[in-house]
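Participant: Below is one structure. I have some questions about it.
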Amino acid sequence: MGYAIIRSPDGKLHRIKAGNYLGQNFGQITEVSDTEVKIKETIQDSTGDWSERVSSLQLVE
């Protein structure tokens with residue numbers, strides 16, 4: 001299982017792994033690799049319907 005260190009907007013460092021939550025849209029980390037963190041988010045559209053979207057954060061050393 002991979003881990004990553006990320007810096008939050010307030011400057012704090014956090015060690016994250018798959019299964020942790022991240023962000024404001026109920027984002028759950030699904031995978032951590034050497035180059036990216038994949039996140040599954042649950043978002044609400046303008047009509048009130050909920051859907052999932054997958055996004056990723058590119059990691060830099």
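Participant: Do you know which residues across the range 11-35 are surrounded by fewer than 13 Cβ atoms within 10 Å (Cβ to Cβ) and acidic (Asp, Glu)?
Facilitator: Scanning the range 11-35 gives a single hit, Asp34.
Participant: I'm trying to understand the selection: among the residues of the range 36-61, which are loosely packed, with under 11 Cβ neighbours inside 10 Å and closer than 18 Å to Gly2 by Cα?
Facilitator: Gln58, Val60, Glu61
Participant: Still on this structure, please answer the following. Can you go through Ile43, Ile6 and tell me which one is free of Cβ contacts under 8 Å to residues at least 24 places away in the same chain and either touching a Cys at 6+ places or on another chain (Cβ under 6 Å) or outside any loop (DSSP other than H, G, I, E, B) (or both)?
Facilitator: Ile43
Here, each number is a calculation from the coordinates, and none is a lab measurement. Quick caveat: nothing in here was measured; it's all calculated off a predicted structure. Here Cβ is always computed from backbone atoms with ideal geometry, including for glycine, and neighbour counts include all displayed protein chains.
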